[in-house]
Amino acid sequence: NIDAMPLLKSECDEIIGRIAANDPTLIEVNLYEQSLGDDGAVRIAKALRVNTHVTHLDLDGNNIGPDGATALAGVLSDNSALNAIDLDGNSIGDSGATALADALRTNSALIEIDLSDNGIG
């Protein structure tokens, strides 16, 4: 469990690297309010493609927009470990929410997703 608040950019990079390395000790990732933006969300999505251990991902308040949400949605069809994702307080908008909803049609692992305060609707 990494409870990251606040972190240096290098520390965020290290955590994303551990996700990509499929570190078996990394189960819950809390990167809330780290100003990751779409670029950070895209990097996390790429890392999650090969990860089989992270079950909970908290990206609350990271200035993630539709592009970042779409990248995360793209990984949901490949990743069967992730069962909770918190995207509260971002700016994913309608298109990001639609991409995530579409991804949930083929994902049976995710049981909790928080999309509150995202400018949806």
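Can you confirm whether residue 10 is within 19 Å of residue 116 (Cα to Cα) and either of a type outside the set (Val, Ile, Thr) or modelled with pLDDT of 95 or more (or both)? Against the criterion (within 19 Å of residue 116 (Cα to Cα) and either of a type outside the set (Val, Ile, Thr) or modelled with pLDDT of 95 or more (or both)), residue 10 does not qualify.
Residue pairs whose Cβ atoms lie under 6 Å apart, sitting 6 or more positions apart in sequence or on different chains, and linking a residue in segment 99-113 that is under 15 Å from residue 84 (Cβ atoms) to a partner that is open to solvent by less than 20 Å² (accessible area, probe 1.4 Å) and β-branched (Val, Ile, Thr), are 113/85. Of the residues making up segment 103-121, those that are among the aliphatic types (A, V, I, L, M) and open to solvent by 70 Å² or more (accessible area, probe 1.4 Å) are 111, 120. Checked against (1) open to solvent by less than 30 Å² (accessible area, probe 1.4 Å); (2) of a type outside the set (S, T, N, Q); (3) over 17 Å from residue 7 (Cα atoms); (4) modelled with pLDDT of 95 or more, residue 37 passes all but condition (3). Residues in segment 31-79 that are within 17 Å of residue 98 (Cα to Cα) and either assigned to a loop (DSSP other than H, G, I, E, B) or aromatic (Phe, Trp, Tyr) (or both): 64, 65, 77.
The residue that is surrounded by the fewest Cβ atoms within 10 Å (Cβ to Cβ), counting only those in segment 76-102 that are of a type outside the set (D, E, K, R) and at pLDDT below 95, is 80.
Here residue 17 fulfils each of the conditions (1) in a loop (DSSP other than H, G, I, E, B); (2) surrounded by fewer than 20 Cβ atoms within 10 Å (Cβ to Cβ) apart from (1).
Taking segment 23-34 on its own, how many of its residues are open to solvent by less than 40 Å² (accessible area, probe 1.4 Å) and either of a type in the set (Val, Ile, Thr) or at positive phi (or both)? Even if it seems obvious, please write down each step before you answer.
If we filter segment 23-34 for residues that are open to solvent by less than 40 Å² (accessible area, probe 1.4 Å), which is where we start, we get 23, 26, 29-31, 34.
If we keep only those that are either of a type in the set (Val, Ile, Thr) or at positive phi (or both) as well, we get 29.
Selection size over segment 23-34: 1.
When restricted to residues that are open to solvent by 10 Å² or more (accessible area, probe 1.4 Å) and under 19 Å from residue 26 (Cβ atoms), segment 56-75 contains 3.
The values are calculated or read from the model by the stated rules, or taken from the named source; none is laboratory data. These figures come from a predicted structure and were not determined experimentally. Every residue, glycine as well, gets a Cβ built from its backbone with ideal geometry; the counts of neighbours run over all protein chains shown. Each accessible area value is taken on the protein alone, full model and side chains, heavy atoms only, with ligands, DNA and RNA left out. Shrake-Rupley method; radii C 1.70, N 1.55, O 1.52, S 1.80 Å.
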